[in-house]
Each structure stands twice: as structure tokens, then as C-alpha cells.
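Below: the structure, in C-alpha cells.
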Amino acid sequence: MGKKLTLLIILITSISMNAQKYNTSKDSIHAFYDTLFLNLKEGFIKKDSVNWEEIENETFSNLALYTNFKNSLNEVEPLFSKIDATHCSIYFENSVYSVQKKVSSESYSNQWKMKYDTNPGFEVKIIQEKFGYILVPSLFFTDLHPKNVNKIAQNLYNQVVEIKTGNELEGWIIDLRFNTGGNSWPMLLGLYDFLGNNNITGTLDGNKNLIGIKSLSKGKYLVDSKKQYQITPTGKLLDKIKVAIITSAVTASSGEIVAMAFKGRPNTVFIGENSLGFTSENYSSILPFNTIMALTKTYNSDRNGIYYESIVPDINVIKQDNFDNYLLDGNILEAIKFITN
């Protein structure tokens with residue numbers, strides 16, 4: 001009984017001390033930014049080019065004006081801007097804190113905006129009974145457990161299987177015009193039939209030297225030959241069929257990774273507009289007070305280790321979107337030309 005009482009006293013004391021450790025909002029602010037800077041100085045891809053002492057002094061001087069933790073997160077954007085962390089983000093209570101890369105309304109058509117406003121999901125359909133069409137929009141979630149990722153990826157893949165089964169299509173169109181970022185792994189697994197059993201992208205260090213390879217094999221997504229996620233494939237592969245990839249001026253991050261995975265694939269064409277240019281790779285980590293950080297640690301490349309600042313299409317099509325009638329969409333018309341040539 002004495003030992004149990006002693007243990008209980010120790011636990012209560014420990015809880016009390018931890019509670020006192022961050023007993024004011026200013027303590028919370030300081031604790032959060034201490035951890036944030038630690039992560040940046042250890043992992044950020046451009047860490048060696050930053051004057052950390054100067055940046056920390058400026059940031060903590062600005063933070064002295066805040067008494068509320070959530071409000072203090074407004075300092076994240078200027079901090080990230082100063083160190084050129086344009087792809088990093090902080091997520092807290094359904095809000096995202098990052099450097100906002102401005103996209104002019106002149107960069108997209110009215111048709112694109114109207115479709116975007118509907119928050120489009122993953123779509124698979126047939127055009128003219130000859131061509132498969134897959135819309136791969138943004139997809140972001142925080143539960144990265146393999147069981148959850150596998151489930152999401154399998155659902156995407158099954159939608160492709162439903163259309164490919166029993167339909168002898170001449171080619172496929174993969175539309176990334178609304179893919180502004182998110183989790184790329186389920187997207188790539190959902191498109192497994194088109195990529196096949198191949199290396200798909202590379203990982204580059206800060207000097208853009210190849211340090212890792214991501215590949216697909218028998219429905220498995222592998223990082224340096226180690227399985228991360230997987231689906232159960234069905235039917236024949238489509239890795240030799242003609243595929244047209246469509247990008248827009250706001251295709252970014254995961255959208256660019258998906259596009260890069262098709263670089264080096266035979267019978268593939270890129271149509272549309274130059275992508276936004278977030279071709280680096282983020283890694284998630286948990287920071288204090290239920291915040292999540294997306295930290296840019298590496299660059300991405302295609303399967304051959306080639307780096308792209310953005311995806312530049314083979315065929316330029318500017319603001320000729322039409323999601324009401326695909327046969328009036330300039331991108332899809334060019335895709336059909338490629339497939340039927």
C-alpha cells in the first residue's frame with residue numbers, strides 16, 4: 001500500500017509540474033516556437049543558408065507582443081517567408097499557416113473557378129465511349145497510419161478498375177488541374193495500373209543529388225525498397241496504353257509529384273499550363289499543443305533523378321477549360337488528338 005501511495009504522489013507531482021511548465025500563454029508561445037526552430041534548424045532543406053540567430057531574435061521580439069497562442073501563429077508566415085520556406089506549413093485547429101503564394105485570377109478561367117468552387121472529388125468516367133477520364137484533385141488527411149492510407153488508396157483504385165473492366169478504351173486522360181497539394185501516396189496507388197511495376201519518383205538532397213527512390217511493385221508503394229502502403233491490384237496493367245496528363249497554373253505539390261511520376265513513362269504526353277512550382281517534399285511532424293508541421297526536407301525528381309522546378313507541358317493550352325462539355329475543353333481535345341494519332 002505504501003508503494004502505491006508513493007507512486008500516486010509521484011504521478012500527481014509530475015502532472016502538476018507539467019501543468020505549471022506552460023502556465024501562461026506566453027510560456028506556450030515560447031515552448032512552441034522553441035520546438036519549431038529546433039525542427040527547422042535540424043531538417044529544413046535550406047537550413048545552411050539561414051542566419052538562425054538573426055531570425056530567432058527577430059521572431060521572438062515580435063512574439064513578445066502576443067498573449068494568445070493561436071494569434072501568435074500569425075508570425076509563422078513572416079518567419080517562413082524570411083527563410084524561404086515557401087512549401088512549409090503549420091496546421092492548427094483547421095487553420096493553415098504558411099506563405100501564401102498568390103495566384104492571379106487571370107491565371108485561371110471562369111470554368112475552372114466554377115468547378116473548383118464545387119470542391120470536386122476523385123472522378124472516373126468515359127468520354128465518347130473511347131477514352132477514360134480521371135480527375136485527381138487535392139487530397140489531404142492527417143491519419144497517416146498505413147491501414148487508413150491503404151483504405152483510401154484502394155477506394156480510388158477501385159473506381160479505376162470499375163471503368164477499365166469490360167471497356168476497351170483507346171487511352172486515358174489524367175486531369176490534375178485541381179490538384180493543389182496533399183497526400184500523394186494514395187493518388188499514386190490509385191493510378192497504379194498506368195504506372196506499373198516501376199520506379200516512379202526520386203528523392204534529392206539540398207544539392208539535388210539523388211538519395212532515394214520511390215517505386216511501385218505489385219500494388220505496393222515502396223520507399224527505398226521498403227513497403228509503406230499498398231493496394232490489391234485487379235486485372236491487367238495499363239502501363240503501355242496512351243495517357244495524357246493535364247496540368248494547370250495551380251497544379252502544385254502532390255499534383256506535381258503525380259505528374260513527375262509519369263515523366264519517363266512511354267506513350268505519355270503533358271498538356272495544359274506550367275504548374276505552380278512546389279516540387280520539394282514535405283514530412284509531417286507533431287509539434288506542441290496539437291499542431292502539425294509539414295517540413296520541407298528534400299526535393300522531388302522523376303524516376304531518372306531529373307529535377308523540375310515546375311511541370312512544363314509538351315502542348316500548351318491556356319484557359320480553355322470546359323467542365324460542362326468535355327468536347328469543348330481545349331485540353332481534352334488535345335488529349336484525344338494524341339490518343340487517336
**OP:** Go through 208/319; 151/218; 113/297; 115/263 and tell me which ones have a Cα-Cα distance over 25 Å in this structure.
**Re:** 208/319; 113/297; 115/263
Original post:
What full-extension length gain, to one decimal in nm, is calculated for residue 316 and residue 234 as 0.36 nm per residue of separation minus the Cα-Cα distance?
Top reply: 26.1 nm
Original post:
Any idea what the relative contact order of region 60-111 is, in percent, if you count C-alpha pairs under 8 Å spaced at least 6 apart?
Top reply: 26 percent
Original post:
Of 47/70; 220/240; 130/226, which ones are farther than 31 Å apart at the Cα?
Top reply: 130/226
**OP:** Provide the gained length on full extension for the span residue 159 to residue 102, in nm with one decimal, where the gain is 0.36 nm per separating residue minus the Cα-Cα distance.
**Re:** 17.1 nm
**OP:** Relative to the longest principal axis of the C-alpha atoms of the chain, give the angle of the C-alpha long axis of helix 25-43, reported between 0 and 90° and rounded to the nearest 10°.
**Re:** 50 degrees
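Report the rotationally averaged projected area of region 77-213 based on its alpha-carbon convex hull, in square nanometres. The partial results should precede the final answer.
On the way: hull surface 46.7 nm².
Averaged projected hull area, Cα only: 11.7 nm².
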**OP:** Starting at the first residue of region 147-152, write each ³J(HN,Hα) from the Karplus equation 6.51 cos²θ - 1.76 cosθ + 1.60 with θ = phi - 60°, in whole Hz, x for Gly and Pro.
**Re:** 4, 6, 4, 4, 4, 5
Subject >> Dimensionless Rg over Rh [region 238-278; C-alpha; Kirkwood] >> reply: 0.98
Original post:
Over all distinct Cα pairs, what is the inverse of the mean 1/r for region 169-318, reported as the Kirkwood hydrodynamic radius in Å?
Top reply: 15.7 Å
**OP:** Evaluate the distance, in nm, between pseudo-label points positioned 7 Å from the Cα of residue 218 and of residue 77 along their respective Cα→Cβ axes.
**Re:** 4.9 nm
Subject >> Leading residue at positive end of dipole, the chain (Cβ point charges), from 298, 78, 191 >> reply: 191
Subject >> Calculated [θ] (222 nm, deg cm²/dmol) that DSSP helices of n ≥ 4 give over the chain, each run adding -39,500 (n - 2.57) >> reply: -10500 deg cm²/dmol
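Between residue 292 and residue 55, 0.36 nm times their residue separation minus their Cα-Cα distance comes to what?
Roughly 83.2 nm would be gained on extension.
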Subject >> Placed amide H near residue 200: partners under 5 Å, 5+ positions off or other chain >> reply: 214, 215, 216
**OP:** Might you tell me the accessible area per residue for the chain, computed with a 1.4 Å probe and given in Å²?
**Re:** 50 Å²
Subject >> Inter-label distance for residue 129 and residue 151, nm, one decimal - labels placed 7 Å from Cα along Cα-to-Cβ >> reply: 3.9 nm
Original post:
Once the mean 1/r over all distinct Cα pairs of region 30-106 is inverted, what Kirkwood radius in angstroms do you read off?
Top reply: 13.3 Å
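If you take the C-alpha gyration tensor of the chain, multiply each eigenvalue by 5 and take the square root, what semi-axes do you get, largest first, in whole Å?
Each semi-axis is the square root of five times an eigenvalue, giving 42, 24, 19 Å.
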Original post:
Percent of accessible area on the chain owned by carbon and sulfur, 1.4 Å probe?
Top reply: 49 percent
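Rg to Rh ratio, region 252-314, alpha-carbon atoms and Kirkwood radius?
On the Cα set of region 252-314, Rg over Rh gives 1.09.
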Original post:
Using the Cα gyration tensor of region 114-189, with a ≥ b ≥ c the square roots of its eigenvalues, what is the shape: rounded (a/c below 1.5), prolate (a/b larger than b/c) or oblate (neither)?
Top reply: oblate
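The values are calculated or read from the model by the stated rules, or taken from the named source; none is laboratory data. In this text the structure is predicted, and so the values were computed from the model without any measurement. All Cβ positions, glycine included, derive from the backbone under ideal geometry; neighbour counts span all protein chains shown. Note: areas computed on protein heavy atoms with side chains; ligands, DNA, RNA excluded. Shrake-Rupley method; radii C 1.70, N 1.55, O 1.52, S 1.80 Å.
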